[in-house]
2 protein chains.
Amino acid sequence: MDTKDNNTPDYAAFLVAARQLLGPRGLTQDAELIEPWLTDWRGVYTGAALAMASPGTVEEVAALVRLCAAHGVSLVPQGGNSGMSGGATPDTSGHQIILSLRRMHAIRTIDAEARQVTCEAGVILQNLHEAVAEQGLRFPLTLGGKGSATIGGLISTNAGGTQVLRHGTMRAQVLGLEAILADGSRFDALVPLKKDNRGFDLKQVLIGSEGTLGIITAATLQLAPAPAGRRVLWVGVASLQMARAFLLHCDAMAGMALEGFEIIPAYSLAAVLHHLPGSRAPLDTDHTWHVLVELVAGTETMAGLQDLAEQVLATAFEAGLIENATIAASESQAEAFWLLRESISAAERARGPAVQHDVSVAVEQMPAFIDTVAPRVESAFPGTKVIAYGHLGDGNVHLHVLSPAGSVQGEWQKTTGKKISALIYDCVAEWGGSISAEHGIGQAKLAELARLTDPVRLGMMRAVKHALDPGNILNPGKLVPLAPDQAKP
Amino acid sequence: MDTKDNNTPDYAAFLVAARQLLGPRGLTQDAELIEPWLTDWRGVYTGAALAMASPGTVEEVAALVRLCAAHGVSLVPQGGNSGMSGGATPDTSGHQIILSLRRMHAIRTIDAEARQVTCEAGVILQNLHEAVAEQGLRFPLTLGGKGSATIGGLISTNAGGTQVLRHGTMRAQVLGLEAILADGSRFDALVPLKKDNRGFDLKQVLIGSEGTLGIITAATLQLAPAPAGRRVLWVGVASLQMARAFLLHCDAMAGMALEGFEIIPAYSLAAVLHHLPGSRAPLDTDHTWHVLVELVAGTETMAGLQDLAEQVLATAFEAGLIENATIAASESQAEAFWLLRESISAAERARGPAVQHDVSVAVEQMPAFIDTVAPRVESAFPGTKVIAYGHLGDGNVHLHVLSPAGSVQGEWQKTTGKKISALIYDCVAEWGGSISAEHGIGQAKLAELARLTDPVRLGMMRAVKHALDPGNILNPGKLVPLAPDQAKP
C-alpha cells in the first residue's frame, strides 16, 4: 500500500501518478472545469473533488482504478450527472475523484440484423436513439433527461421511463456488459448470449448497483424494429379502480401494442392547464382521473392501429369502464397530450413547496394503496394535498405532497416534509413496496433504506458489496448502507 | 459450534436434533426410501446421504439450515431430480443431507387479473401448467422433464426449453422469490414489483445459482394468456446460413407470434425416421437442414394465424430462403412434427456411443460456429460424425459427436469422448460462447468451468459464494469451482 502510516492516502503522490497515467486531457484539478459536476441535477447536493478524471479508454479506466485501489482513494463514477438521488455527486471531503465516462462515447457496432448495438458507457441516450433510427431501428427506453443521460448511468441506475410497461427497465435491454471492478480487473461479458448457465449471472449484480460494485465501461443492448407509428388516447375515468380495470382491458385487447399507460389526477391537469400558456384540456368533460394511453404499431399497419384504438375505447365504454375519451388526431396533438403529462412537475413547482416520492407496490394494489395513503397523509398533516401520477401500468407512481398555503420553500421540506416522507415510506414498507421504484437510492434515500430494509436483504447487500469492493473505494456512501464496522479504516 | 474438536461434525448429535425438528415424515435414513434420489437422471452420478430431509414448511427449511450451519453439515437441495448435470446428487461421502422440496407443493394463489401465480418450490411444472390453464392462463416455459421438474429446481437452474425464443428462460418468468440463506435467514421478495431500484437485484443472484447461495422455497411467476392455438411449419433449407436468414424473415414478419425455431440436420431426421416406427418425413424432398417453426396466436384469430403462416412461407420462397415447406394440417400432425424433433436424442442413443454438448454463442454467429467446429472435430477424430440440432433462435444448439462404428459404450466416452469435449469447449471459449447454455454446471462441468472461465469472472463467483455461504454448506462441489484456500476446513 502506497499510503502514509496513519492510513491517510498520500494524495499528492496519487495525483502525480494519475496525471502521468491520464495526461492533461484525462485528469484535471481546474476548479472551473470541475465546478459544474459537483452539484447534482436537482441541486440538492454539492460536493468537492480532489480531481476529475476523464479516461478515454477502458484500459485507462482500469489503470486508474488500480491506482486508486493502491492509494486508497475513492471514486465517484459519473455519466450525464442527471440522476435524481445524488448518486453521482462526491462527498464534501474533497478527497474523492470524479470519474467521468463522458469521453468514452463511441458507438462501436450496430448490428441491424441481430438488432443489437454495442456502445461505450458515455454515449448519450438521445445520440443512441438517433444512431439506431438511421438504421430503421429503435432503442425503446426513453425519459426526460435523454439529452444528457448516458448509457453507463442508465445501466448503473437501472433507469425506467415511460415505455417500461412494454419494454421493461434498462435491465431488460442489456444483453452484454463490460465493467472495471474494484481491483482494476475487467469483467468482460460483452458478447450477447441469449442463454448462458455458467453460474451466477454477474452482470445482473452490476446493473442498478450505482457504481458501488464496478465501473460500467461498455454494453451490448437489445434494439427493436422502428415502429410504423402510434396512437395516443386521452381518457376520463371515475376512479383509480376504474383506471386499473381499463388498464387490464387495454392489455387484453391491445397486448404488445400497449406501450404507455399514465394516470393524471384532475387536480394536476388543472394545475398544468393553468401553468402552460395556450394549453387545452383534451376532453370538455370533468373527470376525477385521466389516463394517457399510447398504442404503438409493431407488425400492425397504421389503419389497423386506428381500428384497434377505436375498438379498445368502444368496448371500454360498453363495459362502463370509462366516462369519455378521445384519440389524438395528429402527431402534433399526440405530442400536446404528452406535454400535459410531462408538465405536471413544473406546474407543481410553480405552485409552492412539495415533497416527492417515487414509489412502487404490486401493480394490482396501486389503486388501493393510493386511496389508503392519501387520506392518511392529509389527515395527519392538515392543509396538505396528496397527488399521485405516473406509471400505473408499472405499479409505480410519483406520490407528491403539496404544502399548505404560506409554507416556506426549503424550510417546509426540511421539517414537515421530512415527517411526511417518513410516514409515506412506512406505508410503502407495510405494503411490501419499494421506496425507490426508478430513481435509485444514491445518497438521498440511504438513511431511509437503512431504516426500512429487511435486515436479511441489507445483510446480503453488505456482504456482496464487501466481497466485490472490500476497500470501499467505489462510490462509498451511496446505495449500500454499510454496517458501522464496515466503514473504511 | 456444536462440532467435535477436530472439526468433524457430530453427525449423531445432528441427526437427533434434525429428527426432533422434522419428525419421521420430514427426516428419513431409510436406505430404500433414499435410494431413488441418490443417482442423477442421466444415471452418471451416484452419491450417498446421511439422511433425506423433506420439510413441509419454509419455517422447517429455515430451522434445518440453521441446524446444518451450527453443525457444519452440508445440504444438497433437490426438486424433481431431473437435472442434466448432477447438480442435485450428493457426493459419495455419505455426510451430506438431501434436502427434498417435494413436500412443499402448494400453489398458494393464482391471480388471474394480474396474471401471476405464487407457488412453493416443490410444485411440478406440469401441475402448474394444468392449474393455470383452468383459469384460461398459460405458464409458457416447458421442457421434456415437465412431469418431474419442480419450480424450485427450474429456477435454481434457470431452465430453458423450447419456448425461450419468445418468452425467455426461467429468469424472465420470475417476478418474486423467497429463499432460505446459508445462515437460515429468510430472503423474502415474493411481492412482485415491476420496478424496484432499492439496490442490487438480489433475486437475480439466486436464480441459476443451483442451490449454492440459498434454498428457493417459493416464487411468484408471470403468466401469459392462454393462446387461441398454433401453427407448426416444417421447412427444408439448403444451409445453416439460409436457416438463419429464414429465422430473421420469420422474426420480421411474425414478430411476437414466433415461439419456436428449431433446426434438425438431414442425418438426424433420417435417424429418427429409422428409429420411430410408423413415422413419416413431413416433406417428400431432401434437404441438408430442416427447420421446425411454431407460430402461436396471441391476439390474432386462428384464421389470421393461418394467413400469417402462409404469407411467411410464400415470401420466403420468393426471396429464395427456403426450398420446400408444409404447414401441419391438424393438431395431431403438429404433434407428429414435434415428435420428430423430440426423438433425435433417443434415435442417437440407439445408434451407439456419443458425447453431448449444450453450448451457445451469439445467435448470429451460430451457423458459422457449427460450420467451423464440425469439420475440425471430424478431422481431428476420424470416423466421428458431428450433429447439431436445437434452438437456433436462442444461439443454443445441442452439439453431439457420434463415435466411429464399433466403439464401446462407456469406454469411448471416457477416453476419446473426453478429448472431443475439451476441443469443443475450447472452440466455444474462443468464440466467446457458453459451455452450458441451459443444462447448468452441477458437478458434470465443474472442472471445465474452472479450466475455461476468465479468472475475473471466476474470482467474482468465488467472492459472492464466500460472502453468502462462508461455511460452504449449500450444495458444495457444485457450480462454483472454489479456490484451494476456500475449501472447507
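If you average over every viewing direction, what projected area does the convex hull of the Cα atoms of the range A:1-154 give, in nm²? Could the numbers behind the result be given before it?
Details: hull surface 40.0 nm².
Mean shadow area of the hull around the Cα atoms is 10.0 nm².
In sequence order, the range A:194-208 has phi-based couplings of 6, 9, 7, 10, 9, x, 3, 7, 5, 5, 5, 6, 6, 5, x Hz under the Karplus curve 6.51 cos²θ - 1.76 cosθ + 1.60, θ = phi - 60°, and Gly or Pro positions carry x.
Placing pseudo-labels 7 Å out from each Cα toward the beta carbon at B:L21 and A:A319 gives an inter-label distance of 4.9 nm. Nearest 10 degrees, 0 to 90: what angle lies between the long axis of helix A:455-468 and the longest principal axis of chain A (Cα atoms)? Here the helix axis deviates by roughly 40 degrees. Global dimensions of the range A:230-340 from alpha-carbon coordinates: Rg and Dmax equal 13.3, 40 Å. The orientation-averaged projection of the convex hull spanning the C-alpha atoms of the range A:107-225 amounts to 7.2 square nanometres.
For a quick protection proxy, order the peptides A:421-427, B:47-53 by their average other-Cβ count within 10 Å, most packed first. Numbers along the way, then the final one.
Details: A:421-427: 18.0, B:47-53: 21.7.
By packing density, highest mean first, the sequence is B:47-53, A:421-427.
Taking GluC sites (Glu not before Pro) across the range A:52-115, the ones in a DSSP loop with at most 15 further Cβ atoms lying within 10 angstrom of their Cβ are A:E113.
Using the per-residue mean of other Cβ atoms lying within 10 Å as a proxy for protection, in what order, highest first, do the peptides B:202-215, B:276-289, B:81-94, B:128-141 fall?
Details: B:202-215: 25.6, B:276-289: 14.1, B:81-94: 22.2, B:128-141: 17.3.
Taking the mean over residues of other Cβ atoms within 10 Å, the ranking is B:202-215, B:81-94, B:128-141, B:276-289.
Ordering A:W234, A:W41, A:W431 by accessible area with a probe of 1.4 Å, largest first, what comes out? Before the final figure, lay out each step's value.
Numbers: A:W234 0, A:W41 160, A:W431 60 Å².
Sorted descending by solvent-accessible area, the residues read A:W41, A:W431, A:W234.
Compactness of the range B:1-80 was expressed as the Cα radius of gyration divided by 2.2 N^0.38 Å, which yields 1.14. Provide the percentage of antiparallel DSSP beta bridges, counting only those with both residues in chain A; round to the nearest 5. The answer is about 90 percent antiparallel.
Annotation: amide H of B:A51 within the under-5 Å range of B:I98, sequence separation 5 or more or interchain, hydrogens built in the peptide plane. Between B:A325 and B:G236, the built amide H atoms are under 5 Å apart, and every one of these is 5 or more places off in sequence or on another chain.
With Rh defined as the Kirkwood radius, the inverse of the mean 1/r over Cα pairs, the Rg/Rh of the protein assembly as shown is 0.96. Stokes-Einstein diffusion for chain A at 25 °C, viscosity 0.890 mPa s, with a Kirkwood radius from C-alpha pairs, works out to 102 µm²/s. Here the dipole of chain B is about 820 debye; that uses its Cα centre as origin and unit charges on the Cβ of Lys and Arg (positive) and Asp and Glu (negative). For the range B:1-93, trypsin sites (Lys or Arg not before Pro) meeting the loop criterion (DSSP other than H, G, I, E, B) and having at most 16 other Cβ atoms within 10 Å: B:K4, B:R42.
Amide H contacts for B:R138 (H built 1.01 Å from N in the peptide plane; partners 5 or more residues away or on another chain; cut-off under 5 Å): B:A224, B:A226. Couplings 3J(HN,Hα) for the range B:69-85, derived from phi with the Karplus relation 6.51 cos²θ - 1.76 cosθ + 1.60 (θ = phi - 60°), are 4, 5, 9, x, 9, 9, 10, 10, x, 9, x, x, 6, 10, x, 9, 10 Hz, where x marks Gly and Pro.
What average count of beta carbons from other chains do you get within 10 Å of the Cβ of residues in B:440-453?
Values: counts 3, 3, 1, 0, 0, 2, 0, 0, 1, 2, 0, 0, 1, 2.
Per-residue shielding by partner chains comes out at 1.
Between 0 and 90 degrees, the angle of helix A:266-275 with respect to the longest Cα principal axis of chain A falls at about 70 degrees.
Taking a point 7 angstrom from the Cα of A:M302 along the C-beta vector, which residues in the range A:209-241 have backbone N less than 15 Å away? So the set is A:227-232.
For A:385-398, what's the mean count of beta carbons from other chains sitting within 10 Å of each residue's beta carbon? Display every interim value, and only then the final one.
Details: counts 0, 0, 0, 0, 0, 0, 2, 0, 1, 3, 7, 5, 0, 0.
Other-chain Cβ atoms within 10 Å of each residue's Cβ, averaged: 1.
Legend: mean number of C-beta atoms from other chains within 10 angstrom of residue C-beta atoms, peptide A:153-165, equals 1.
Semi-axes, largest first, in whole Å: what does sqrt of 5 times each Cα gyration tensor eigenvalue give for the range B:446-486? Don't skip to the answer; put the middle values down first.
On the way: eigenvalues 55, 26, 12 Å².
So the equivalent ellipsoid measures 17, 11, 8 Å along its semi-axes.
Applying 1/(1 + (r/R0)^6) with R0 = 30 Å to the Cβ-Cβ distance of B:T8 and B:T415 gives a FRET efficiency near 0.20.
Heavy-atom accessible area for A:D183, with the other protein chains in place and a 1.4 Å probe, reaches approximately 100 Å².
For the protein assembly as shown, the fraction of 1.4 Å probe accessible surface lying on carbon and sulfur atoms is 53 percent.
Converting phi to 3J(HN,Hα) with the Karplus coefficients 6.51, -1.76 and 1.60 and the offset θ = phi - 60°, the range A:87-104 yields x, 10, 9, x, 6, 8, 5, x, 9, 9, 9, 7, 9, 7, 9, 5, 6, 8 Hz in sequence order, with x at every glycine or proline.
With a probe of 1.4 Å, find how much accessible area the range A:107-225 has per residue, and write the answer as a whole number in Å².
On the way: 3340 Å² over 119 residues.
Result: 28 Å² per residue.
Can you give the % of DSSP beta bridges in the protein assembly as shown that are antiparallel, to the nearest 5?
Details: 124 of 140 bridges.
Just about 90 percent of them are antiparallel.
Sort out for me the Cα centre separation of the range A:256-304 from the range A:21-77, rounded to whole Å. One Cα centre to the other: 42 Å.
Can you give me the angle between helix A:331-342 and the longest principal axis of chain A, using Cα atoms only, in degrees from 0 to 90, rounded to the nearest 10? Value to nearest ten degrees: 70. The alpha carbon centroids of the range B:205-255 and the range A:377-405 are separated by 41 Å. Take the Cα radius of gyration of the range A:352-430 and divide it by 2.2 N^0.38 Å, N being the number of residues; the result is 1.06. Dividing the summed helix terms, -39500 (n - 2.57) for each DSSP H run of n ≥ 4, by the number of residues in chain B produces a 222 nm estimate of -10500 deg cm²/dmol to the nearest 500. A Förster radius of 41 Å, combined with the Cβ-Cβ distance separating B:A270 from A:A131, puts the computed FRET efficiency at roughly 0.30. With all protein chains kept in place, the per residue accessible area of the range B:446-486 amounts to 37 square angstrom at a probe of 1.4 angstrom.
Considering Cα pairs under 8 angstrom that are at least six residues apart, work out the relative contact order of chain A and quote it in whole percent. Intermediate values should be presented prior to the final figure.
Details: 981 pairs, mean separation 70.3, N = 489.
Dividing the mean separation by the residue count of chain A yields 14 percent.
The values are calculated or read from the model by the stated rules, or taken from the named source; none is laboratory data. For clarity, every value in this text was computed on a predicted model and none was experimentally measured. In this analysis, Cβ positions are derived from the backbone assuming ideal geometry, glycine residues included, and neighbour counts consider all displayed protein chains. Ligands, DNA and RNA are stripped out before the accessible areas are found, and what is left, the full protein with its side chains, is counted by its heavy atoms. Shrake-Rupley method; radii C 1.70, N 1.55, O 1.52, S 1.80 Å.
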